[in-house]
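Working notes for the structure below.
The values are calculated or read from the model by the stated rules, or taken from the named source; none is laboratory data. In this text, all values refer to a predicted model and were calculated from it rather than measured experimentally. Positions of Cβ are generated from backbone atoms using ideal geometry, with glycine treated the same way; all protein chains shown enter the neighbour counts. With ligands, DNA and RNA removed, areas are computed over all heavy atoms of the protein, side chains included. Shrake-Rupley method; radii C 1.70, N 1.55, O 1.52, S 1.80 Å.
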Amino acid sequence: MNPRFAWARQLAAFAVFLSVWQAVGHAGWLNPIYAPTPGQIGAALIELFGSGRIWTHLEATFGAALAGLALGVVAGILLGVLGSLVPFVAELLEPVMTLLNAVPRVVLAPLFVIWFGIGVASKIALSFILVAVLIFFTVFTGIRQVDRKLVERVLTLNGGRWALVRHVYLPSVAAWVLGNLKVAVGFAFTGAVVGEFVAASRGLGYLLSFAQSTFNSALMLALVLLIMVVVLAIFAIAGRLEKHLLRWK
Amino acid sequence: MSYGGEPVLEGASIVVGEGQFVSLVGPSGSGKSSLLRAVIGLQQPLEGTVEREVAPSEVAILFQDDALLPWKTARDNVALGLTLKGVRRGRALEQADVWLERLGLGSFGHRFPRHLSGGQSKRVALAQVLAREPKLLLMDEPFASLDAIVRTRVIQDVASLVEREHISVLLVTHDLEEAISLSDHIYLLSRGPRAHVTRDYPMPLPRPRDPVRARTHPAFAALYEKIWNDLSHEVDRV
Ligand SMILES: Nc1ncnc2c1ncn2[C@@H]1O[C@H](COP(=O)(O)OP(=O)(O)O)[C@@H](O)[C@H]1O
Ligand SMILES: [Mg+2]
């Protein structure tokens, strides 16, 4: 088999799978409460976009995820750099971060709802904490592993402290953060959607919990599909960005 | 010179005259690298002094590992050596191009280090330090990682460049042929700890000199034999 046409075979297999699923559902062999047909899922998707009610939810989820991502990356870098520069800060931060890293951080979602209410703040907080811990460890361990030879090279070219930061430390930190960008994006959306799922009045996570409470599995699967597509699209953008900025690798 | 325990080097007195090419050979671990690191100021000697008649910014060092910044192109790496010396960026880039050209890398300036071969990367590192117009060039086994042909070519280029620019050189090497064919003077370091200079040999081969032709000079074999015996004696000593 020609490996170049793997995608064509995958597509064909997927089409066969969908057709069989549709046919079996049509024949009445599937309980629509558990397993709606692809046609029903498609109809649910079309209804979401056709009625235009999806936009406010997409906006809410995107807003929370991107805000959490941005704040989390900034805080993670600042804390990571501070921790590497000031031993006292490292002593305080490391146990807290290790603890936060050890538990699945989404368990904080109900607590954040109590603290920050059911509005967007609790979703941003969850996204933020997921991303910030990841980036903190990326930067904190990364700075310790900066290539000693590069540091000595800049020193022997009469580079001072500032030159070291600018030409060695900053690019190294940027490389590690970019290398983890996809994971961070995934975390940010997980935080937003889980936060909405727990308590919210808007967002994809809210729609999911609505679909669950009304036993609307066609809507549920339509949303799962939509979330997958959204995250994959953002992965693709993050991947392009990473590839361009890390083209020296 | 010491790292806390017994002194690594003791009484290692080496003189590099202006425009002279001096090599330092000796057993592994005798402190050759430590000595170079002390001269460039990466390490403080416990006692004793490093006397330089040149300013710190006029001393350059090359290691076995080129340590080019991976996120900068060859051209930017060379220019960095100049901007860190206070040259403004536009001028630094011009000079970088001149030196890359001189080292036969005119069309490789835009490449990142990952996309350079061992020999090309070595030449970029050379351009980086030579563009700074150093008075003293320190080299710590810089050619050890290159394969034989590339190595010979790079050595020829280094020899002619330092001769032309009148740069003083202190080379640490494991390779006696390399040391004899390049040097005006060779120092032999004893086995450490407390390593010291046990012998030193003036090299009678005439200048200007091609390091490949030098190997066929009538005096070469006898010099090699003599220094080799002394070096083996140091390595085998218990
Ligand atoms: N950073 C260091 N800390 C402690 N000991 C070191 C350090 N660097 C080198 N040494 C020791 O100093 C001695 C000389 O090392 P080095 O200068 O690298 O020798 P050479 O270059 O001649 O092989 C060795 O015994 C080595 O183990
Ligand atoms: Mg050494």
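Within region B:35-79, the residues that become at least 50 Å² less accessible when every protein chain is included than when their own chain is isolated (1.4 Å probe; DNA, RNA and ligands ignored) are B:Leu42, B:Ala67, B:Leu69, B:Trp71. Mean partner shielding of peptide A:155-162, defined as the number of other chain Cβ atoms within 10 Å of each residue Cβ, is 6. Using a cutoff of 8 angstrom between alpha carbon atoms and counting only pairs six or more residues apart, the relative contact order for region B:68-134 works out to 46 percent. Residue pairs exceeding 26 angstrom between C-alpha atoms, taken from A:Lys149/B:Lys72; B:Lys32/B:Lys122; A:Lys123/A:Lys243: A:Lys123/A:Lys243. The heavy atoms of B:Tyr201 present about 20 square angstrom of accessible area, all protein chains included, probe 1.4 Å. Using C-alpha pairs below 8 Å separated by at least 6 residues, the relative contact order for chain A is 26 percent.
If both residues of a DSSP beta bridge must be in chain B, then about 20% of such bridges are antiparallel. What aspartates and glutamates sit close enough to A:Lys182 to cross-link, taking a C-alpha to C-alpha distance under 14 Å and skipping anything fewer than 8 places away on the same chain? Partners within reach: A:Glu242. For B:Ser30, nonlocal amide neighbours, meaning residues 5 or more places apart or on other chains whose placed amide H falls under 5 Å from its own, are B:Gly192. Note that chain B presents 47 Å² accessible area per residue, ligands and nucleic acids not counted, probe 1.4 Å. Treating the angle as unsigned and between 0 and 90°, give the value, to the nearest 10°, between the Cα long axis of helix A:120-144 and the longest Cα principal axis of chain A. That works out to roughly 40 degrees. Taking the accessible area of region B:68-134, probe 1.4 Å, and keeping the other protein chains in place, the carbon and sulfur fraction comes to 45%. Would you list, by chain and number, the aspartates and glutamates whose Cα falls below 19 Å from the Cα of A:Lys249, excluding same-chain residues fewer than 8 positions away? Filter leaves A:Asp147, B:Asp65, B:Asp66, B:Asp76. Against chain A, whose longest principal axis comes from its Cα atoms, helix A:204-213 is set at around 40 degrees.
The mean number of partner chain beta-carbon atoms within 10 angstrom of a residue's beta-carbon across peptide A:185-193 is 0.
Shielding value for A:164-174 is 2, the average number of Cβ atoms from other chains within 10 Å of each residue's Cβ. Assign one of three labels to region B:81-147, namely rounded, prolate or oblate, based on the Cα gyration tensor with a ≥ b ≥ c the square roots of its eigenvalues; rounded applies when a/c is under 1.5, prolate when it is not and a/b is larger than b/c, and oblate otherwise. Note, shape of region B:81-147 comes out oblate. Three principal axis extents describe the C-alpha atoms of the protein assembly as shown; from largest down they are 100, 57, 51 Å. Relative contact order of chain B, taken over Cα pairs closer than 8 Å and 6 or more residues apart, is 31 percent. Computed over protein heavy atoms with a 1.4 Å probe, the accessible surface of region A:42-139 works out to 49 Å² per residue.
Which length gain, in nm to one decimal place, applies between A:Leu11 and A:Val89 when the Cα-Cα distance is subtracted from 0.36 nm times their residue separation? Intermediate results must be reported in sequence, preceding the final value.
Details: separation 78, 0.36 × 78 = 28.08 nm, distance 5.29 nm.
Roughly 22.8 nm would be gained on extension.
If you take the Cα centroid of region A:73-98 and the Cα centroid of region A:175-225, the two points sit 29 Å apart. Normalised by residue number, the volume inside the convex hull of the Cα atoms of region A:102-249 is 126 Å³ per residue.
For chain B, the longest principal axis of the C-alpha atoms and the axis of helix B:220-236 are separated by about 70°.
Rounded to the nearest 10 square angstrom, A:Leu155 shows an accessible area of 70 square angstrom against a 1.4 Å probe.
Taking the centroid of alpha carbons for each part, region B:121-168 and region B:188-238 are 21 Å apart.
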